[in-house]
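The values are calculated or read from the model by the stated rules, or taken from the named source; none is laboratory data. As the structure is a computational prediction, the values presented were derived from the model and not from experiment. Cβ atoms come from the backbone with ideal geometry, glycine included; neighbour counts cover every protein chain shown. For accessibility, only protein heavy atoms count, side chains too; no ligands or nucleic acids. Shrake-Rupley method; radii C 1.70, N 1.55, O 1.52, S 1.80 Å.
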Amino acid sequence: MAFNNLLIADEASGSGPGGIRTITINRPDQLNALNRATIGELDQALNEADADKSVRVVIITGSGPKAFVAGADIKEFAHFAVEEGKALAADGQKKLFDHVERMNKPVIAAVNGFALGGGLELAMSCHLRVASDNARMGLPEVSLGVIPGYGGTQRLARLVGKGKAMEMIFTAGMIKADEALQWGLVNHVVPQADLLAKCNELAAAIMKNSPTALAAAIRAVNAGYEPGADGMQREIEEFGKCFGTADFKEGTSAFMEKRKANFTGS
Ligand code: COA
């Protein structure tokens, strides 16, 4: 499908079958702010990436040198009433933020600049985050008279702890990339010119492994954060199911035959 607000690029890993799909949010003159059209396109692009067996890892980034995503599109929701506000959060969480988190393949956020409000919430929905050294992160919603509505109150506290999350949300301030690294909000910080190369390097390491096992690992880790779900029990179930996959047979055979595994993702 053709997109108005996204750029899609595929790259082979060089280390086996399958490749990396990079989804670039492309509204640089609006600092890649997430309007409803962009969220709808991201929903579609994520469905396509999940369904395509040749895609092993997804990278999400922002266009231009300045911003990953500077938030939800303030101009679009400024006139909303209560029910529209509630629907905006519910719809966005379902189409984009929960969708990213529940993808069957690893998703890396390449945070190339401002990640504010919905931008930080998008990065936090991704499974891994790599930031460029110019990145600035924050949840400034209370400065607009609203709160984070795309999962930020929950995911930030999970990543950095309740106290630091409260501080970031209450002050509406921005933290720099090195502070975000110290807090555990991002996995790596690199010079801006090296950002995609670092993400590709991580993706290449991931792609050596079984796609079916990676999908199971995502489900098991996520279960620990789902209210009412029993993460340990989910781990047992996912672990057991792995024994019925071709990837498990291939991985264990390759180990015993002292060769490199060639996973098919089945
Ligand atoms: N929604 C809608 N438009 C946004 C936006 C957002 N979240 N963030 C930036 N933009 C737009 C600006 O309105 C401006 O558009 P214009 O030229 O048509 O007026 C353009 O992007 C460039 O932004 P600008 O503010 O001029 O850049 P800056 O370098 O002076 O400041 C920021 C950068 C990120 C500090 C500033 O844009 C900002 O504070 N953005 C809002 C952040 C926010 O509160 N996000 C949470 C939303 S819930």
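Candidates GLY173, GLY231, GLY251: the one that is touching a Gly at 6+ places or on another chain (Cβ under 8 Å) and not assigned by TED's automatic domain parsing to the domain that holds VAL100 is GLY231. Per the listing ALA89, ALA115, the residue uniquely among the small types (Gly, Ala, Ser) and in a strand (DSSP E or B) is ALA115. Just one of the listed residues (ALA87, ALA131, ALA135, ALA115) is farther than 30 Å from SER266 by Cα, touching a His at 6+ places or on another chain (Cβ under 9 Å) and assigned by TED's automatic domain parsing to the domain that holds GLN44, namely ALA131.
Within segment 1-38, the set of residues being closer than 19 Å to ASN104 by Cα and within 16 Å of the ligand (Cβ to nearest atom) is empty.
Residues considered: ILE175, ILE206, ILE218. Of these, the only one that is touching a Phe, Trp or Tyr at 6+ places or on another chain (Cβ under 9 Å), closer than 19 Å to ALA110 by Cβ and surrounded by 14 or more Cβ atoms within 10 Å (Cβ to Cβ) is ILE175. The strands (runs of 3 or more DSSP E) found wholly in segment 4-76 and carrying at least 1 residues that are of a type in the set (D, E, K, R) and open to solvent by 30 Å² or more (accessible area, probe 1.4 Å) occupy 6-12.
In the set GLU101, GLU141, which member is among the acidic types (Asp, Glu) and within 13 Å of the ligand (Cβ to nearest atom)? Before the answer, list the steps.
Values: GLU101 fails: within 13 Å of the ligand (Cβ to nearest atom).
Answer to the selection: GLU141.
Restricting MET124, MET137, MET166 to residues that are touching a residue at least 24 places away in the same chain (Cβ under 8 Å) and either in a helix (DSSP H, G or I) or charged (D, E, K, R) (or both) narrows the list to MET124.
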